[in-house]
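The values are calculated or read from the model by the stated rules, or taken from the named source; none is laboratory data. Small disclaimer: the values here were computed from a predicted structure and weren't measured. Glycine gets a Cβ as well: all are built from the backbone with ideal geometry, and neighbour counts include every protein chain shown.
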Amino acid sequence: MAKTALITGVTGQDGSFLAELLLEKGYSVHGVRRSSSLQNLDRIRGVFDPVHSERSSFRLHYGDVTDASNMRRVIDECEPDEVYHLAAQSHVKVSFDEPEYTANVDALSTLRLLDAIRAVGGEKSIRFYQASTSELFGKVQETPQTETTPFYPRSPYAVAKLYAYWSVVNYREAYGVYACNGILFNHESERRGLTFVTRKVSSVVAKINNGSDETLHLGNLDAKRDWGYAPEYVDAMWRMLQRDEPSDYVIATGETHSVRELVEAAFAAVGIEIAWEGAGVDEVGKCKKTGRTLVKVDPWYYRPTEVDLLLGDPSKAQRELGWTSKTKFEELVRIMVESDNRAIAQGQVLR
Ligand code: NAP
Ligand code: F7E
């Protein structure tokens, strides 16, 4: 029998890759989409057929994870074997501007969905994946970070995700729900939103390479992240729900790089070498050959509290899930820059 999966956040970066993966595996896939004045289906164009959606193995339901009765109705209607809860206000800096909203979406939605599973009597039949995050480690208490590293969240986003993390553990222990936390470190792709640092850098580099006189304005150049390739990370989500017993897993590459290195790699992908000059807010990145200033620091992008260094140890995932990351940092950056380059050369507006 083909399995049925429900994905919240299906229109996002991870949701779109996960939908493709599950459809390839023969799943019937249901996704939750938010109502909006402009359609936001770009990332799922490849799998969503609006004309024949009734007969397709990929279907969309209007929904919002802040609406408990709506979530319960969707679960009732599609009778999933697996629920992948990916919907979130996922931008860390935005969470400082919208802390209460972020808590409502990112913390309480997990409780709403777990409770909806109980309400339909699905404790023993529905498996649940929670999109937990390396942001939980925040002001890191040890390096590299593992499943047993203590959490120290540093943003309203991370605090909200901490509530969701423990809700998963609690429903697993209290009611026997098969529920897993995937503690995923940063993962990026050509589908990443334009306001996250990797895609911001790849898109501006591609524009400059195509003749734009734009300058890349960034915040903290010294922050370090463990950046992997998103399609590989959704495979880890699926693997977590296929085990005999539920557990929580760190998913990471085991390598860390600074934002500064990201900038250097992205410009290198179009043959430009960067020379750094100055310090702090006065630091600039210049083209070594022409002397043109390509990168400037703008304190607007600083965060009230920063996560300085993330580096994950994915040994448990390797051992128990047979999962390892494959795409290396330079390759990831090259994929993203080349994709944006191609899109611009074809006259597309980057989205
Ligand atoms: P993303 O691209 O920002 O996608 C977020 C998705 O959530 C979008 O489909 C968005 O819908 C949807 N959404 C937001 N608020 C909603 C609401 N109130 N009701 C229903 N849907 C809502 O995020 P992502 O990078 O794919 O990440 C997926 C999940 O993993 C998120 O929970 C994120 O916090 C977590 N995570 C991400 C990373 C990473 O590096 N990417 C690492 C660790 C954890 P619209 O399209 O309508 O906006
Ligand atoms: O920032 C620094 C910034 O916004 C990365 C989300 O998917 O991953 C993501 O959160 C770093 C930070 O991602 C700019 O200060 C410098 O140190 O790309 P980001 P994030 O905050 O790590 C985690 C795992 C998630 O769970 C989240 O959902 O880059 N940085 N200059 C900048 N960041 C941005 N966005 N823009 C800048 O101009």
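How many residues are in a helix (DSSP H, G or I), farther than 22 Å from residue 307 by Cβ, more than 10 Å from ligand 1 (Cβ to nearest atom) and not polar (S, T, N, Q) if we restrict to the stretch 59-94? First the steps, then the outcome.
Taking the stretch 59-94 first, the residues in a helix (DSSP H, G or I) are 68-78, 92-94.
Retained after the next criterion (residues that are farther than 22 Å from residue 307 by Cβ): 68-78.
Adding the requirement that they be more than 10 Å from ligand 1 (Cβ to nearest atom) leaves 68-69, 72-78.
Filter once more, so that each one left must be not polar (S, T, N, Q): 68, 72-78.
Number satisfying all stated conditions: 8.
Need pairs with beta-carbon distance below 9 Å; first residue within 17 Å of residue 77 (Cβ to Cβ) and surrounded by fewer than 21 Cβ atoms within 10 Å (Cβ to Cβ) and within the stretch 30-41, second modelled with pLDDT of 95 or more and basic (Lys, Arg); sequence gap 6+ or separate chains.
Note: no pairs meet the criteria.
Confirm whether residue 248 is more than 14 Å from ligand 2 (Cβ to nearest atom) and free of Cβ contacts under 8 Å to residues at least 12 places away in the same chain.
no
Being modelled with pLDDT of 95 or more, among the aliphatic types (A, V, I, L, M) and surrounded by fewer than 24 Cβ atoms within 10 Å (Cβ to Cβ) narrows it down to one of 177, 234, 250, 205, so name that one.
On inspection, the qualifying residue turns out to be 177.
Going through 269, 279, 252 one at a time, which residue ends up being farther than 22 Å from residue 228 by Cβ and among the hydrophobic types (A, V, I, L, M, F, W, C)?
That would be 279, the only listed residue that is farther than 22 Å from residue 228 by Cβ and among the hydrophobic types (A, V, I, L, M, F, W, C).
Select from the stretch 106-156 the residues that are aromatic (Phe, Trp, Tyr) and more than 16 Å from ligand 2 (Cβ to nearest atom) and list them in ascending order.
Within the stretch 106-156, just 128 meets the criteria.
Is it the case, given these coordinates, that residue 198 is farther than 29 Å from residue 319 by Cα, in contact with a strand residue (DSSP E or B) (Cβ under 7 Å, 6 or more places away or on another chain), in contact (Cβ under 8 Å) with a residue 12 or more places away in the chain and within 12 Å of ligand 2 (Cβ to nearest atom)?
Against the criterion (farther than 29 Å from residue 319 by Cα, in contact with a strand residue (DSSP E or B) (Cβ under 7 Å, 6 or more places away or on another chain), in contact (Cβ under 8 Å) with a residue 12 or more places away in the chain and within 12 Å of ligand 2 (Cβ to nearest atom)), residue 198 qualifies.
Limited to the stretch 195-211, what total is found for residues that are within 11 Å of ligand 1 (Cβ to nearest atom) and either in contact with a Lys or Arg (Cβ under 6 Å, 6 or more places away or on another chain) or within 18 Å of residue 229 (Cβ to Cβ) (or both)?
4
Give me the residue from the stretch 95-131 that is more than 10 Å from ligand 1 (Cβ to nearest atom) and β-branched (Val, Ile, Thr) and, out of that set, farthest from the chain's Cα centre (by Cα).
120
Can you tell me which residues in the stretch 201-223 are touching a residue at least 40 places away in the same chain (Cβ under 8 Å) and either in a helix (DSSP H, G or I) or more than 8 Å from ligand 2 (Cβ to nearest atom) (or both)? Show your work before the answer.
So in the stretch 201-223, the residues touching a residue at least 40 places away in the same chain (Cβ under 8 Å) come out as 201-203, 205-210, 215-223.
Correct list: 201, 202, 203, 205, 206, 207, 208, 209, 210, 215, 216, 222.
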